[in-house]
Amino acid sequence: MDRESGTALTYNRDTLPFPENLVPPATDMRNWEDIDPARHPFDWDEDEEARLRALVRAWVPPVLSGMEGWWQVERWCENQLDAIVRDRYGNWAQGWNWCYRYGGPIGSWVTGPSSVTTPEETATRVVAALLEWRQWLERTAQRFAELAPPPEVSPENRSWYLERACVRLVTLTLDSGAEGA
């Protein structure tokens with residue numbers, strides 16, 4: 001439905017009135033090194049937030065397809081936003097939309113059909129989800145560091161530290177709702 005007039009419009013994802021589709025293939029997040037915040041700096045300030053918001057707003061369609069279009073435009077938009085985020089910040093950011101409903105730690109974004117609305121609301125959700133993802137990564141890294149066995153521990157005692165770390169990390173993960181993470 002057109003937000004202004006209420007008329008129904010249909011979009012073909014290949015002919016949407018936006019720049020070319022951005023979606024490059026995402027790489028897998030198989031190793032902690034791929035997303036470890038210590039290896040991937042993240043500079044965030046008001047200017048960077050404004051830049052990301054502007055990028056997001058430019059890709060939100062003026063007309064949403066909704067249920068009548070099987071949410072085609074909203075899904076397309078989410079894919080483009082994912083590409084923008086990964087391109088701008090690096091592959092570590094690909095978890096920004098990993099919703100807790102699907103095993104991830106993010107509550108600010110659900111799916112394209114649920115989260116793509118107006119350009120401003122969508123930009124707000126993307127920013128919140130990206131910051132939530134980064135915070136989750138940083139908390140996880142901190143927790144790993146806190147639970148790591150001391151370097152001087154004997155091999156016999158190392159297993160005690162690792163067992164303790166496993167119990168606490170599994171509990172932390174389940175408490176966060178990020179059981180898939």
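Here are the numbers for the structure shown:
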{"read-out": "Every residue from the range 70-88 that is surrounded by fewer than 19 Cβ atoms within 10 Å (Cβ to Cβ) and over 16 Å from residue 123 (Cα atoms)", "value": "70, 87"}
{"read-out": "Output for the range 37-61, where each listed residue is surrounded by 14 or more Cβ atoms within 10 Å (Cβ to Cβ) and touching a residue at least 12 places away in the same chain (Cβ under 8 Å)", "value": "37, 40, 42, 49, 52, 53, 55, 56, 57, 59, 60, 61"}
{"read-out": "Qualifying residue in the range 7-30 (condition: at pLDDT below 85, among the β-branched types (Val, Ile, Thr), closer than 18 Å to residue 81 by Cβ and open to solvent by less than 60 Å² (accessible area, probe 1.4 Å))", "value": "no"}
{"read-out": "Those helices (runs of 4 or more DSSP H) lying entirely in the range 64-181 with at least 3 residues touching a residue at least 40 places away in the same chain (Cβ under 8 Å) and within 12 Å of the chain's Cα centre (by Cα)", "value": "72-89, 119-147"}
{"read-out": "Single residue of the range 129-171 satisfying the filter (aliphatic (A, V, I, L, M), under 30 Å from residue 44 (Cα atoms) and modelled with pLDDT of 90 or more) that is surrounded by the fewest Cβ atoms within 10 Å (Cβ to Cβ)", "value": "145"}
{"read-out": "Scan of the range 40-63 for residues that are under 18 Å from the mean Cα position of the chain (by Cα) and assigned to a loop (DSSP other than H, G, I, E, B), ordered by number", "value": "40, 41, 42, 43, 44, 60"}
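The values are calculated or read from the model by the stated rules, or taken from the named source; none is laboratory data. Bear in mind that the values here come from a model prediction, so they are computed numbers and not experimental data. Cβ sites come from the backbone with ideal geometry, for glycine too, and all protein chains shown count toward neighbours. Accessible surface areas use protein heavy atoms only, side chains included; no ligands, DNA or RNA. Shrake-Rupley method; radii C 1.70, N 1.55, O 1.52, S 1.80 Å.
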